[in-house]
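Every read-out reported here was derived from the displayed coordinates using simple, explicitly stated rules and does not represent laboratory data. The structure presented is a predicted model; accordingly, all values stated were derived computationally and were not measured. Please note: Cβ atoms are built from the backbone with ideal geometry, for glycine as well, and neighbour counts cover all protein chains shown.
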Ligand SMILES: [Fe+2]
């Protein structure tokens, strides 16, 4: 079973991620070589970085899938969006206009790195009151959240799912991100891994080193949930007839 990358900026010319078809294809080649066979394209919806419409995202996913097929890269690209939380985003959720992961009701949501715990919790609770369920992007990045593991447990109890970046597991995002990610993983507070890839060099879609660490340190059962099992369970229900 290949990995499912939950978080990437692989669509060309949508945000601060890939800036050409060639770069997107190179990113997909890297992802496939790393053992990934499904990649969610989650362009930013954030002032200053872009806010593509559902039509634009779905069309760009189809287009990139065709390019990948023509190039012989056996990887599936699925739609999503990374919403930077703000009032405008709440309107989108309340009016059922979001771009969830594939055909699911789950949406990827990020906050400012310095966001207060109350703000994060209340915002996520508000999203739970809509028809969508939030997946919190790269939780290890939120300084205040990382000061309090009980707070993170509280989010889990609210029904929020939690993603960390592969480079935080490996230490490639620095020692603090690695230490915080370890605290989360030890408590089984993480649901998904994403690469948050933006390019084919410094922020490439690399999963293999992270996967090795997860299997060795946390066992194959949890590693497989994080690397593909949970994504299949939550986002692809029914897609294989189950
Ligand atoms: Fe991202």
Notebook entry, point to check: Looking at 166, 179, which one is surrounded by fewer than 17 Cβ atoms within 10 Å (Cβ to Cβ) and under 27 Å from residue 124 (Cα atoms)?
Noted result: 179
Next item on the list: Out of 214, 189, 227, 185, report the one residue that is touching a strand residue (DSSP E or B) at 6+ places or on another chain (Cβ under 7 Å) and in a helix (DSSP H, G or I).
Entry: 227
Check: Are there any pairs with C-beta distances below 9 angstrom linking a residue in the stretch 195-215 that is touching a residue at least 60 places away in the same chain (Cβ under 8 Å) and farther than 21 Å from residue 108 by Cα to a residue that is part of a loop (DSSP other than H, G, I, E, B) and more than 16 Å from the ligand (Cβ to nearest atom), with the two at least 6 apart or on different chains, and if so which?
Finding: 208/34; 208/35; 211/34; 211/35
Check: Within the set of pairs 6+ apart or on separate chains, which have a first residue in the stretch 216-236 that is within 14 Å of residue 191 (Cβ to Cβ), a second that is assigned to a helix (DSSP H, G or I), and C-beta atoms under 7 Å apart?
Finding: 218/185; 223/211; 223/214; 223/215; 226/214; 227/211; 227/214
Notebook entry, point to check: Taking the stretch 26-58 as the region of interest, how many residues are within 16 Å of the ligand (Cβ to nearest atom) and part of a loop (DSSP other than H, G, I, E, B)?
Noted result: 7
Check: Is one or more of the residues making up the stretch 43-54 under 19 Å from residue 7 (Cα atoms), within 17 Å of the chain's Cα centre (by Cα) and loosely packed, with under 15 Cβ neighbours inside 10 Å?
Finding: no
Check: Which of the residues spanning the stretch 164-215 are at positive phi and within 13 Å of the ligand (Cβ to nearest atom)?
Finding: 196
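Among the listed residues 135, 109, identify the single one that is more than 16 Å from residue 183 (Cβ to Cβ), in contact with a helix residue (DSSP H, G or I) (Cβ under 8 Å, 6 or more places away or on another chain) and within 16 Å of the ligand (Cβ to nearest atom).
Going through 135, 109 in turn, the sole match is 109.
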Notebook entry, point to check: Taking the condition buried (at least 18 other Cβ atoms within 10 Å of the Cβ), farther than 20 Å from residue 194 by Cα, within 16 Å of the ligand (Cβ to nearest atom) and touching a residue at least 12 places away in the same chain (Cβ under 8 Å), does residue 89 pass?
Noted result: yes
Next item on the list: Kindly list, by first and then second residue, each pair from a residue in the stretch 47-68 that is under 15 Å from residue 15 (Cβ atoms) to a residue that is part of a helix (DSSP H, G or I), limited to pairs with Cβ atoms under 7 Å and residues at least 6 apart or on different chains.
Entry: 64/24
Checklist line | Residue that is surrounded by the most Cβ atoms within 10 Å (Cβ to Cβ) [pool: residues in the stretch 113-151 that are free of Cβ contacts under 8 Å to residues at least 24 places away in the same chain and closer than 28 Å to residue 95 by Cβ] | finding: 119
Next item on the list: Go through the stretch 8-25 residue by residue and tally those that are farther than 11 Å from residue 197 by Cβ, more than 15 Å from the ligand (Cβ to nearest atom) and crowded, with 17+ Cβ neighbours inside 10 Å.
Entry: 2
Item checked: Which listed residue is more than 16 Å from the ligand (Cβ to nearest atom), more than 20 Å from residue 14 (Cα to Cα) and in contact with a strand residue (DSSP E or B) (Cβ under 6 Å, 6 or more places away or on another chain), from 120, 127 -> 127
Next item on the list: State yes or no: is residue 202 out of contact with any strand residue (DSSP E or B) (no Cβ under 7 Å at 6 or more places or on another chain) and crowded, with 21+ Cβ neighbours inside 10 Å?
Entry: no
